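Input: a single structure, listed below in structure tokens.
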Amino acid sequence: MRTVDRALVRAPLDRVFAVAADVERWPAILPHYRWVRVLERRPPTQAVVEMAAWRPFGPVRWPTWWVSEMEPDPSRRRIRYRHVAGITRGMDVEWRIDGTDGEVQVEIVHEWSGPGWPLIGGLAAAWVIGPVFIHAIASRTLAGVRREAER
């Protein structure tokens, strides 16, 4: 399963990276995030983070939750995540932030072979979890990061 979400952000490059990397602040700027907790800091820049978000289906909100190893790379303007707990364990995520001040392209790439369910894990990831949950949450996250960076 591979999902790619992209947005053009009209803000300074460093501000876009700072907003994207400041995950502890996400619940304050992203209404679909329930919480983000840093469980462990690993110098110089790595951390283990617990994240929880809502996936809305009309008036119903479905709770989601996962734990990731997070590694921001300010020099390359990349943020990598490896999901280590939750249904998406084993998923790799990369935020790619490129461009110039005022014309910043942000791309979030999720790659995953699916849950370890015999026969249906890959299909569940490709047909339901990726497009229905991951894309829906990532696109909302990206829109909120864009909104905050452009403020």
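Coordinate-derived values only; no laboratory data. All of these numbers come straight from a predicted model, not from anything done at the bench.
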Relative contact order (%) - the range 1-51, alpha-carbon pairs under 8 angstrom, separation at least six: 21
Stretchable slack from V128 to R37, in nm (0.36 nm times residue separation minus alpha-carbon distance): 30.1 nm
Debye log10 I(q)/I(0) for the range 1-134, one point scatterer per Cα, at q = 0.20 Å⁻¹: -1.32
Cα convex hull of the range 102-151, projected area averaged across orientations, nm²: 3.8
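If I take every Cα pair under 8 Å that is 6 or more residues apart in the chain, average their sequence separation and divide by the length, what percent do I get for the relative contact order?
Working: 322 pairs, mean separation 48.0, N = 151.
Relative contact order here is 32 percent.
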